[in-house]
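Structure, as structure tokens:
Since every read-out is calculated from the coordinates, none of them should be taken as a lab result. Model, not experiment: these values are computed from the prediction. Ideal geometry is used to build each Cβ from the backbone, glycine not excepted, and the neighbour counts take in all protein chains shown.
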């Protein structure tokens, strides 16, 4: 297993990597280039690469254990917006048991696994990319460059364009939102995903616009 | 791909950043080649605008910052145009460079996550 964090700033990942103390390669992608190249439009997602360097399973949602959030009782005494958020989180499809079993099958059987796909099918199943998605990628990359060289205000305009062009790309949005709402010098990123005053968008508003938590992830086609 | 000089992009830099290698027969990635006569220049640079047009890559410009960003190709209509795994430059926890190709010969389950 190899993990890769799609994070502009490596220091944001360190506390999580250190806590996990991984024995596998634990990498950082400071330019979101793996998103562009493999099709990681949300996290967690995973792709499978065989011994020859060939992708045998395209990028898809990759949980291997059921999140406790799926089964929580939503408190009645919390703000309505938080209730709505938790309701949609609980609605996110869970394929963790099947996906874990599929990985183990591939590890054991290799190319003979029914979950290892031929090259044409891998390409066909990869994320769609039309003109808008490609332009969104360019806009997001330009924003990353300007964040580093000219500052946040210069980056925002390009990230807004990226968000408008590709509303299905959650890493572009979540990265930008978090940078807005995390105080400088904070130990950990703010995860509220509420940057509506800057971007006019937020996690829960965009999830609802998409059709709810049930449509939030790239479901594995097993 | 970030570009600060549109006329000075080397063939090697273009290939490294985009995965499309400018060869005499065209712009190639794995077994796929897209004809682009004239895109590969004799001085070792590439005509970025022509390559972008042939590969369906958007070229976005910020005139104030004097910088361009070249987006990914759209020829296949999908993120992948081939099943050959890309090999982007990544770093590890210590900031050291790491390439997925260094794991050749082993199965790789590449899991994407983020701190956000």
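Per residue, chain A reaches -14000 deg cm²/dmol at 222 nm when only DSSP H runs of four or more residues are counted, each adding -39500 (n - 2.57).
The Rg/Rh ratio of region A:112-162, with Rg taken over Cα atoms and Rh as the Kirkwood radius over Cα pairs, comes to 1.30.
Expressed as an acute angle from 0 to 90° and rounded to the nearest 10, what is the orientation of the C-alpha long axis of helix A:131-149 relative to the principal long axis of chain A? Around 60 degrees separate the two axes.
Rank by packing, highest mean first: peptides B:25-32, A:183-190, with packing defined as the count of other Cβ atoms within 10 Å averaged across residues. It would help to have the intermediate numbers written out before the result.
Working: B:25-32: 16.9, A:183-190: 10.2.
In descending order of packing, they fall as B:25-32, A:183-190.
DSSP bridge analysis restricted to the protein assembly as shown gives an antiparallel fraction near 80%, rounded to the nearest 5. The relative contact order of chain A, computed from alpha carbon pairs under 8 Å that lie at least 6 residues apart in sequence, is 20 percent.
Each 5 Å bin from zero holds the following percent of Cα-Cα pairs in region A:40-144: 2, 10, 15, 16, 14, 13, 14, 9, 5, 2, 0.
If packing is taken as the average number of other Cβ atoms within 10 Å across a peptide's residues, how do A:2-12, B:86-96 rank, most packed first? Walk me through the numbers before you get to the answer.
Working: A:2-12: 20.8, B:86-96: 14.5.
Descending packing order for the listed peptides: A:2-12, B:86-96.
Counting, for every residue in A:25-32, the Cβ atoms of other protein chains within 10 Å of its Cβ and taking the mean gives 6.
Length gained on full extension, residue A:191 to residue A:14, computed as 0.36 nm times the residue gap minus the Cα-Cα distance: 62.1 nm. Between region A:2-67 and region A:160-181, what is the C-alpha centre distance in whole Å? Going from one Cα centre to the other spans 18 Å. Per-residue mean of foreign Cβ neighbours for A:34-40 is 6 (Cβ atoms of other chains, 10 Å radius).
Calculated FRET efficiency, residue B:43 to residue B:91, Cβ-Cβ distance, R0 = 30 Å: about 0.40 to the nearest 0.05.
Seen against the Cα atoms of chain A and their longest principal axis, helix A:152-165 is set at about 50 degrees.
When the Cα centres of region B:37-110 and region A:130-150 are compared, how far apart do they sit, in Å? After rounding, the separation between the Cα centres reads 13 Å. Across region B:19-116, how large is the tail of the calculated P(r) beyond 15 Å, expressed as a percent of all Cα pairs? For region B:19-116, the share of Cα pairs beyond 15 Å comes to 72 percent.
Give the Kirkwood hydrodynamic radius (Å, one decimal) of region A:122-213, defined as one over the mean of 1/r across all pairs of different Cα atoms. Walk me through the intermediate numbers first.
Numbers: mean 1/r = 0.0720 Å⁻¹.
Radius from the Kirkwood sum: 13.9 Å.
Grouping the Cα pair distances of region B:2-51 into 5 Å bins from zero gives a pair-distance distribution of 5, 24, 36, 24, 9, 2, 0 percent in increasing distance order.
Along its first, second and third principal axes, ordered by size, chain A spans 51, 46, 37 Å in Cα coordinates.
Per residue of A:122-131, other chain Cβ atoms within 10 Å of the residue Cβ number 6 on average. Based on DSSP H segments of at least four residues, each scored -39500 (n - 2.57), chain B has a per-residue ellipticity at 222 nm of -3500 deg cm²/dmol.
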